[in-house]
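Read the figures in this text as sums done on the coordinates, not as results from a lab. Computed from a predicted structure; not experimentally measured. Cβ: placed from backbone, ideal geometry, glycine included. Neighbour counts: every protein chain shown.
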Amino acid sequence: MKRLYQSLDVLWLLLMGMTLGTTAVAENAHPGLWMTVVVAVVVGIKGRLVVDHFMELRTARAPIRHLMNAYFYVFPTLIVLASLYPERLKEWTTL
Amino acid sequence: MPQLASQPSADLSAAVPRDGLPRPGRIPGNQAIWVGIFSEMSEFGIMFLAFFIAKAHYPVLFLEGPTRLNTTAGLVNTLVLLSSSYFVAKAMVAIRQERRRDCVRWLWAAIGAAVAYLVVKYIEYEWNSAHGISIDTNSFFAVYYYMTFNHLLHVGWGGGAILWAIMRLKMGAYSADDHEGLEAVAVYWHMIDLAWIVMFPLVYVLR
């Protein structure tokens with residue numbers, strides 16, 4: 001019981017730290033691909049932590065758990081791909 | 001998901017262990033809330049795709065746009081929403097241990113966070129107006145207002161759902177063995193936090 005309570009506390013502090021850290025770095029660093037990759041990875045990690053531990057899906061039925069976790073693999077990947085290939089995306093979406 | 005359809009709802013919260021941990025292999029909340037959550041996640045997903053496409057078509061506007069936004073307001077709201085998810089997770093542990101008063105306190109903390117989010121968002125929109133930013137300014141700000149106002153609405157009615165859960169708790173509706181409704185509200189609230197986890201860096205941070 002106590003361990004579960006403490007793990008939520010640690011997780012909350014970790015999420016706060018990751019948010020503050022990446023925002024500070026992104027605000028002060030030169031915009032570029034590596035920064036996009038860092039931010040996308042942090043989005044994926046934060047999403048997985050919330051899904052598994054706050055939403056408590058790590059022990060839930062597999063279809064729900066997999067779909068929610070997939071969201072935080074797909075969208076961070078799309079963030080990086082959209083940054084890598086903007087011209088191709090523009091070409092594909094021009095009417 | 002045929003497995004979900006075959007699960008009788010009466011079994012969802014049965015035999016809940018009193019160690020604060022959810023029962024393994026369960027559907028958190030109920031099937032209906034998951035239809036809602038996946039619909040909402042799809043809706044936010046389409047908004048994110050629209051953002052990527054608009055950014056590809058107007059790269060200069062989307063490079064300059066985030067630098068004109070109040071990043072501090074976005075950052076504070078990120079911290080507030082993550083904290084609200086933490087409060088709701090604590091409330092779920094409390095109800096599973098039959099600590100109803102603690103559960104109510106954690107849910108009030110989540111309501112406080114929701115109100116703080118709405119106040120910060122109001123200040124941010126006022127700050128935008130004072131700096132000549134509106135939905136008509138350019139494509140970046142049109143997408144920014146559409147996404148963030150849509151998210152704000154979700155925080156508003158999600159907060160209303162938590163208030164409803166507090167009222168039900170005070171009427172004796174939930175217990176360690178039966179808290180399906182409360183869990184449904186909790187997972188919906190976490191979904192609102194998850195959408196913001198993607199939205200904040202997209203709109204405020206990445207150039």
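Which of the numbered conditions does residue B:172 fail, given that it passes all the others? Conditions: (1) part of a helix (DSSP H, G or I); (2) closer than 21 Å to residue B:28 by Cα.
With (1) part of a helix (DSSP H, G or I); (2) closer than 21 Å to residue B:28 by Cα applied to residue B:172, the lone miss is (1).
Considering every residue within the range B:68-89, establish whether at least one is charged (D, E, K, R) and within 12 Å of chain A (Cβ to nearest Cβ).
Of all residues in the range B:68-89, those charged (D, E, K, R) come to B:68.
Within this subset, residues satisfying the condition of being within 12 Å of chain A (Cβ to nearest Cβ) are none.
No; the residues of the range B:68-89 include none that is charged (D, E, K, R) and within 12 Å of chain A (Cβ to nearest Cβ).
Considering only residues of the range B:91-138 that are assigned to a loop (DSSP other than H, G, I, E, B) and under 30 Å from residue B:177 (Cβ atoms), which is farthest from the other protein chains (Cβ to nearest Cβ)?
First pass over the range B:91-138, keeping only residues assigned to a loop (DSSP other than H, G, I, E, B): B:97-99, B:131-138.
If we keep only those that are under 30 Å from residue B:177 (Cβ atoms) as well, we get B:97-99.
Details: B:97: 7, B:98: 12, B:99: 10 Å.
In this case the residue turns out to be B:98.
Please find, among A:39, A:50, A:80, A:43, the residue that is without any contact (Cβ under 8 Å) to a residue 60 or more places away in the chain, more than 7 Å from chain B (Cβ to nearest Cβ) and either part of a loop (DSSP other than H, G, I, E, B) or surrounded by 13 or more Cβ atoms within 10 Å (Cβ to Cβ) (or both).
On the way: A:39 fails: more than 7 Å from chain B (Cβ to nearest Cβ); A:50 fails: more than 7 Å from chain B (Cβ to nearest Cβ); A:43 fails: more than 7 Å from chain B (Cβ to nearest Cβ).
Answer to the selection: A:80.
Scan the range B:34-78 for residues that are farther than 24 Å from residue B:134 by Cβ and crowded, with 21+ Cβ neighbours inside 10 Å and jot them down.
B:34, B:37
Can we say residue A:87 is facing chain B (nearest Cβ under 9 Å) and surrounded by fewer than 17 Cβ atoms within 10 Å (Cβ to Cβ)? Working first, answer last.
Values: facing chain B (nearest Cβ under 9 Å): yes; surrounded by fewer than 17 Cβ atoms within 10 Å (Cβ to Cβ): yes.
Yes, satisfied.
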